[in-house]
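Inspection log for the structure reproduced underneath, given as structure tokens.
The values are calculated or read from the model by the stated rules, or taken from the named source; none is laboratory data. As the structure is a computational prediction, the values presented were derived from the model and not from experiment. As a convention, Cβ positions derive from the backbone with ideal geometry for all residues, glycine included, and neighbour counts pool all protein chains shown. For accessibility, only protein heavy atoms count, side chains too; no ligands or nucleic acids. Shrake-Rupley method; radii C 1.70, N 1.55, O 1.52, S 1.80 Å.
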Amino acid sequence: MLAEIKGLNEECGIFGVWGHPDAAQLTYYGLHSLQHRGQEGTGIVVSDGKTLKGVKGEGLVAEIFTTEAMAELTGSAAIGHVRYATAGGGGYENVQPLLFHSQSGSLALAHNGNLVNANSLKHQLETQGSIFQTSSDTEVLAHLIRRSGYPHLNDRVKNALSMLKGAYAYLIMTETELMVALDPHGLRPLSLGLLGDAYVVASETCAFDVVGAEYIREIMPGELLIINENGLTSERFAVSTTKAICMMEYVYFSRPDSNIHGINVHTARKNLGKRLALEAPIDADVVTGVPDSSISAAIGYAEEAGIPYEMGLIKNRYVGRTFIQPSQSLREQGVKMKLSAVRGVVEGKRVVMVDDSIVRGTTSRRIVSLLKEAGATEVHVVISSPPIKNPCFYGIDTSTKEELIASDKSVEDIRQLIGADSLTFLTVDGMMHALGQEGTNGYCLGCFTGNYPTEIYPDTLQYYYQK
């Protein structure tokens with residue numbers, strides 16, 4: 001929930017199972033472990049080998065998949081989705097997986113990411129007679145597959161995928177097979193696991209631990225994986241690929257117990273904190289982190305700086321969904337409902353407050369105020385990532401450029417606005433060094449640097465850079 005208050009939202013998470021008698025139940029647990037990636041809607045579609053059937057709704061996994069709903073989902077294959085609304089907005093019709101029926105068979109789609117050429121493709125398809133049932137960019141793929149002239153489904157899917165630009169991790173299921181696809185830059189994480197004889201696919205490896213699956217490998221950029229009764233087949237739909245995993249997966253979005261490119265997320269965040277302590281040494285009495293995503297970085301900072309780490313901020317986990325999407329006027333009240341400062345820890349102390357990012361600055365200002373109201377004599381804010389100056393076009397809701405506080409304000413301006421005694425952001429070089437990288441190759445840092453791995457289309461730019 002704090003993610004919504006802060007203004008950083010991942011679009012979604014996906015999970016799939018092929019070849020297990022309890023596919024729907026496994027998908028339920030997998031989606032539950034990915035709930036942090038989307039809290040607005042969720043769905044599961046199952047295949048019994050002859051038909052596809054789905055249940056979906058607006059709400060949390062545990063709210064939608066009641067005992068009665070799960071009883072309807074029988075089959076040995078399933079795909080599932082948890083969603084935040086970015087491209088296309090909210091609404092029941094946009095909750096995934098999207099399920100399509102035709103005389104030649106059924107098709108279900110689950111998508112993590114965002115297509116930067118969705119509007120131009122929709123316009124092209126509509127002029128050819130397509131009628132869209134949702135405002136989600138995910139539906140574009142279904143129309144492209146349907147209109148492809150290739151006789152075999154895998155060729156139609158590869159042809160359709162080759163027309164897409166942007167970030168996409170897809171699960172595509174028919175009555176008889178499951179297809180897994182990742183965009184040519186691998187912007188979103190996607191991995192393959194094995195549970196007995198069943199294959200499992202998930203946005204994050206933490207889902208494998210929850211269902212008891214063994215991690216096999218990551219899906220490669222530009223790869224189309226086909227799973228059916230004959231086993232697993234790997235094909236390519238993109239010849240030219242350049243890996244560019246989203247850096248915010250390490251900084252904020254993924255769960256600490258997930259691994260991305262062989263790097264544990266908790267360890268990565270600790271190293272970001274350690275590097276931050278080297279770049280921003282501060283004479284202080286206590287280090288605290290903003291729960292939950294900043295705790296690992298705060299521990300790393302404290303270890304490197306030799307300053308005690310304490311729980312100076314407590315997260316209220318029982319606020320409920322009222323504050324998942326607060327209005328701007330309620331944003332500060334939402335933070336107050338969500339977090340409390342521990343007076344016994346911070347009173348009379350010089351506090352280093354570690355956070356993962358600053359988007360609008362509203363949350364940071366309120367947290368600094370909370371700490372000072374609780375008696376902190378100084379509050380030094382250190383951020384375990386560089387300033388977010390540019391919008392993300394690939395499925396992370398960083399709003400428009402004008403809403404990003406760092407887009408037109410200096411670090412000193414931001415410091416004054418949030419009321420901190422000092423403010424330091426991690427450098428780009430420091431961030432890469434913390435991950436054991438010599439340069440930025442292999443990662444997308446568009447929100448920090450403005451350098452994007454794909455072409456950004458004019459209609460997309462117009463929205464994100466509106467004034």
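Take region 35-51 and flag every residue that is open to solvent by less than 20 Å² (accessible area, probe 1.4 Å) and either in contact with a Pro (Cβ under 7 Å, 6 or more places away or on another chain) or not β-branched (Val, Ile, Thr) (or both). Answer for region 35-51, where residues must be open to solvent by less than 20 Å² (accessible area, probe 1.4 Å) and either in contact with a Pro (Cβ under 7 Å, 6 or more places away or on another chain) or not β-branched (Val, Ile, Thr) (or both): Arg37, Gly38, Gly41, Gly43, Val45, Ser47. Arg317 is checked against (1) outside any loop (DSSP other than H, G, I, E, B); (2) free of Cβ contacts under 8 Å to residues at least 60 places away in the same chain; (3) charged (D, E, K, R) and fails just one. What number does that condition carry? Checking Arg317 against (1) outside any loop (DSSP other than H, G, I, E, B); (2) free of Cβ contacts under 8 Å to residues at least 60 places away in the same chain; (3) charged (D, E, K, R), the one that fails is (1).
Scan region 372-389 for residues that are more than 19 Å from Tyr301 (Cβ to Cβ), open to solvent by 20 Å² or more (accessible area, probe 1.4 Å) and touching a residue at least 60 places away in the same chain (Cβ under 8 Å) and the total you get is 1.
For (1) of a type outside the set (A, V, I, L, M); (2) at pLDDT 95 or above; (3) outside any loop (DSSP other than H, G, I, E, B); (4) over 30 Å from Ala406 (Cα atoms), each residue gets a yes or a no:
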{"site": "Gly16", "(1), (2), (3), (4)": "yes, yes, yes, yes"}
{"site": "Ala24", "(1), (2), (3), (4)": "no, yes, yes, yes"}
{"site": "Gly30", "(1), (2), (3), (4)": "yes, yes, yes, yes"}
{"site": "Gln39", "(1), (2), (3), (4)": "yes, no, no, no"}
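Checked against the criteria, Ser369 does not count as surrounded by fewer than 24 Cβ atoms within 10 Å (Cβ to Cβ) and at pLDDT below 95.
Look at region 161-185: where a residue is among the acidic types (Asp, Glu) and a partner is open to solvent by 30 Å² or more (accessible area, probe 1.4 Å) and in a strand (DSSP E or B), sitting 6+ places away or on another chain with Cβ atoms under 7 Å, you get Glu177/Asn228.
This table checks each residue for (1) more than 17 Å from Gly80 (Cβ to Cβ); (2) buried (at least 21 other Cβ atoms within 10 Å of the Cβ); (3) at pLDDT 95 or above.
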residue: Asp183; (1), (2), (3): yes, yes, yes
residue: Gly193; (1), (2), (3): no, yes, yes
residue: Ala202; (1), (2), (3): no, yes, yes
residue: Cys206; (1), (2), (3): no, no, yes
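Pairing residues of region 148-159 that are of a type in the set (D, E, K, R) with residues that are open to solvent by 40 Å² or more (accessible area, probe 1.4 Å), at Cβ distances under 7 Å and at least 6 apart in sequence or on separate chains, gives Arg156/Tyr150; Lys158/Glu235.
Taking strands (runs of 3 or more DSSP E) as the structural unit, those lying wholly within region 76-147 and holding at least 3 residues that are open to solvent by less than 10 Å² (accessible area, probe 1.4 Å) and under 23 Å from Gly41 (Cα atoms) correspond to 77-83, 105-115.
Residue-wise test of (1) among the aliphatic types (A, V, I, L, M); (2) open to solvent by 50 Å² or more (accessible area, probe 1.4 Å).
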residue: Ile216; (1), (2): yes, yes
residue: Ile219; (1), (2): yes, no
residue: Tyr250; (1), (2): no, no
residue: Val265; (1), (2): yes, no
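Residues that are outside any strand (DSSP E or B) and of a type in the set (S, T, N, Q) were ranked within region 280-314; the one that is modelled with the lowest pLDDT is Ser293. Here is a check on your reading of the model: is Arg188 basic (Lys, Arg) and within 23 Å of Leu99 (Cβ to Cβ)? Considered against the rule, which asks whether it is basic (Lys, Arg) and within 23 Å of Leu99 (Cβ to Cβ), Arg188 comes out as yes.
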